[in-house]
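Written below as structure tokens is the structure these notes are about.
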Amino acid sequence: MVRNPIVTLLLGLVPGLGHWAADRKGRAFIYAFFVFGIAAGGFLLGVVTNEMELFAMSLVIAFLFWLVNMLDLVIYLLRYPNGKPSPEYHAAYPPYGPQPFPGYGGAGFASSADGSPPPPSAFDGGASGFGAGPGHAGHTHGPGAYGPPPPNYGMPARRDDAGERFLTILLSFIPGLGHLSLGLMQRGLTFMIGFFGLLTMILFVTALSGEGGFLVFLGVLPIIWLYGLFDAIRMVRRKQSGEPLLDRSIMEDWDDHRAGGRRSRLFATVLSILPGAGHMYLGLQRRGLQLMAGFLLSIYLLDTLELSLFLFLVPILWCYAFFDSLQMQSRYAMDGFVPDVPIVSGVMHQRKWLGLALIAMGLYYVGDRLLLDVFDVFGLQYWAHELRYYFKTGFTALLLLGAGAKLLLGGKAREELAH
């Protein structure tokens, strides 16, 4: 007996267990025997013959049987989301069709005041059999004036709510497909194009640039997938409760919040995956710009200067930016406005230091890309390598010493002002 199709489907990930939960014990034993038996047999054969290729081949065959197991279970759950009815259930009811009833003039029935039946012409409006019965004094009347029932006569077939919900969830494993099954074409295409379009662009940029670091952005795809799955569940619940479904994209939902002067907390949370983007969406431009610049610049400098010792700063900065965005969202929800206070104040008043930093970075690139290549031309590869190594080390040391001195001098100056 299927109590919950989703739980049964999840149990089906273990070969045979889903069929056992659906009271299909024969299939459960067969699938479990083939999958586990082939895998175990291939492993033993590979150990005995010392050829693990046989074990790999057995795993492939077992995987094919597992796919057949899942496909069989999915087809069964789609046909019988609440379990297959027992034969006794059907035997308790008579077959559908024309049923005779007591004829006119029979016992307990009178068609008129004097007991005479209506004329036979009143009952020949349809094919023989529907509404026919023995008449008065041996006369037989034809079918009633309405005739036989049309095909599919009676109550329209009602689709089971659990079956529809299960089908929607199953289709939603492909982003947007569950929405399309509900008739939400625009909303479904938004999820589908967003998911597969982003996947295609990430793979394209990675292949074009040859940099595997862009694959980090694949972590956004599970978020889109989960959001689409739960959005499809929410839509099918609204449909089953009788609420009208509006076919519009998620962007239009977010525009509703903005139309009232409010910002969507959900959208701000999603944007906060990139440090600073959620702050900018809430109107905190300076705070968001500093967080985004600090995050991206730290990744670039740590990679360029080969400072693997300080890579722990990157996740710390990301966590700080993410939870700071959540705090800003809470304040925005309560007050409707959050002041744009930058993380580091007075940056624009330190233009000289910013200028010196940019000049130093420019000189570094000139020395790294131009002068060292000149050394290579004259056959001084060894000195070029050593100079590049010590140059990076010296530049990093000067940077750390300067930052430390600035903090010490700044701390003393504040203490003197406090006294």
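The values are calculated or read from the model by the stated rules, or taken from the named source; none is laboratory data. What you see is a predicted model, and the numbers here were worked out from it, not measured in a lab. Quick reminder, even Gly has a Cβ in these numbers, built from the backbone with ideal geometry, and neighbours come from all protein chains shown.
Data table
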| item | result |
| --- | --- |
| Flag if Phe214 is at pLDDT below 85, within 18 Å of the chain's Cα centre (by Cα) and crowded, with 17+ Cβ neighbours inside 10 Å | no |
| Residue among Leu13, Leu73, Leu44, Leu54 that is assigned to a helix (DSSP H, G or I) and under 30 Å from the mean Cα position of the chain (by Cα) | Leu73 |
| Neighbours by Cβ (under 6 Å, 6+ apart or cross-chain): first from the range 321-334, outside the structural domain of Gly288 (by TED's automatic domain parsing) and farther than 20 Å from Gln290 by Cα; second crowded, with 18+ Cβ neighbours inside 10 Å and at pLDDT 90 or above | none |
| Tabulated pairs, the range 19-40, first of a type outside the set (Lys, Arg), second assigned to a loop (DSSP other than H, G, I, E, B) and surrounded by 20 or more Cβ atoms within 10 Å (Cβ to Cβ), C-beta under 6 angstrom, 6+ apart or interchain | Ala22/Val2; Ala28/Gly16; Tyr31/Pro15; Tyr31/Gly16; Ala32/Pro15; Ala32/Gly16; Val35/Pro15 |
| Verdict on Ala28 being closer than 29 Å to Glu164 by Cα and in a helix (DSSP H, G or I) | yes |
| Failed item in (1) crowded, with 16+ Cβ neighbours inside 10 Å; (2) touching a residue at least 24 places away in the same chain (Cβ under 8 Å); (3) within 20 Å of Ile6 (Cα to Cα), with Phe173 passing the rest | (1) |
| Qualifying residue in the range 243-258 (condition: touching a helix residue (DSSP H, G or I) at 6+ places or on another chain (Cβ under 8 Å), of a type outside the set (A, V, I, L, M, F, W, C) and not assigned by TED's automatic domain parsing to the domain that holds Ile193) | no |
| Selection count where residues are farther than 17 Å from Asp253 by Cβ and not in a helix (DSSP H, G or I), scope the range 177-215 | 3 |
